[in-house]
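Please treat every number below as a calculation from the coordinates, not as lab data. None of these values were measured; they are calculated from a predicted model. Reconstructed Cβ throughout: ideal geometry from the backbone, glycine too, with neighbour counts over all protein chains shown.
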Ligand SMILES: [Zn+2]
């Protein structure tokens with residue numbers, strides 16, 4: 001089985017089988033990377049890859065996956081940022097025992113904060 005040499009930031013050069021590598025291509029901007037789990041330290045390593053490297057990896061039989069940036073990045077946001085007090089209010093609402101009833105309108109209409 002062919003081996004591909006890659007570099008782990010902690011361990012240095014390591015050898016990987018084709019199935020241990022994966023090419024990831026961002027369909028939003030076309031950037032590519034490859035990743036693998038280091039066989040020595042088991043940390044996941046991800047590195048950006050130029051088109052020439054991607055072509056070599058793919059022609060060698062490495063699998064490829066596509067991903068896209070979240071569409072929320074393209075949303076226009078206006079208004080002020082959420083405040084600490086608003087965040088705490090939200091936290092207490094989520095922590096309440098009757099969250100589901102308040103959201104669905106099936107409860108008594110009272111909560112701990114009322
Ligand atoms: Zn390593």
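With angles folded into 0 to 90 degrees, how steeply does helix 84-95 sit against the dominant principal axis of the chain? Use alpha carbons for both and round to 10.
Helix 84-95 sits at roughly 90 degrees to that axis.
Tilt of helix 51-60 relative to the longest C-alpha principal axis of the chain, in degrees (0 to 90, nearest 10)?
The angle comes out near 70 degrees.
Whole angstrom only: what separates the Cα centroid of segment 29-70 from the Cα centroid of segment 1-27?
Between the Cα centre of segment 29-70 and that of segment 1-27, the gap is 8 Å.
Return 68, 102 ranked ascending by Cβ neighbour count within 10 Å, so the fewest neighbours appear first. If you can, show how the numbers build up before the last one.
On the way: 68 11, 102 17.
Least crowded to most crowded, the residues run 68, 102.
Summing -39500 (n - 2.57) over the DSSP H runs of n ≥ 4 in the chain and dividing by its residue number, what mean residue ellipticity at 222 nm do you reach, to the nearest 500 deg cm²/dmol?
Dividing the helical sum by the residues of the chain leaves -7000 deg cm²/dmol.
Show me the ranking of peptides 69-78, 37-46 by mean Cβ neighbours inside 10 Å, starting with the highest.
Packing proxy ranking, top to bottom: 37-46, 69-78.
Between residue 90 and residue 58, what length in nm is gained on full extension when 0.36 nm per residue of separation is reduced by their alpha carbon distance?
6.8 nm
How large is the direction-averaged shadow of the alpha-carbon convex hull of segment 1-76, in nm²?
Orientation-averaged projected area of the Cα hull: 5.8 nm².
Can you work out the FRET efficiency for the pair residue 41 and residue 73, with r the C-beta to C-beta distance and R0 = 35 Å, to the nearest 0.05?
0.60
Among the DSSP beta bridges whose two residues both lie in the chain, what percent are antiparallel, rounded to the nearest 5?
Given both bridge residues lie in the chain, the antiparallel proportion sits at roughly 75 percent.
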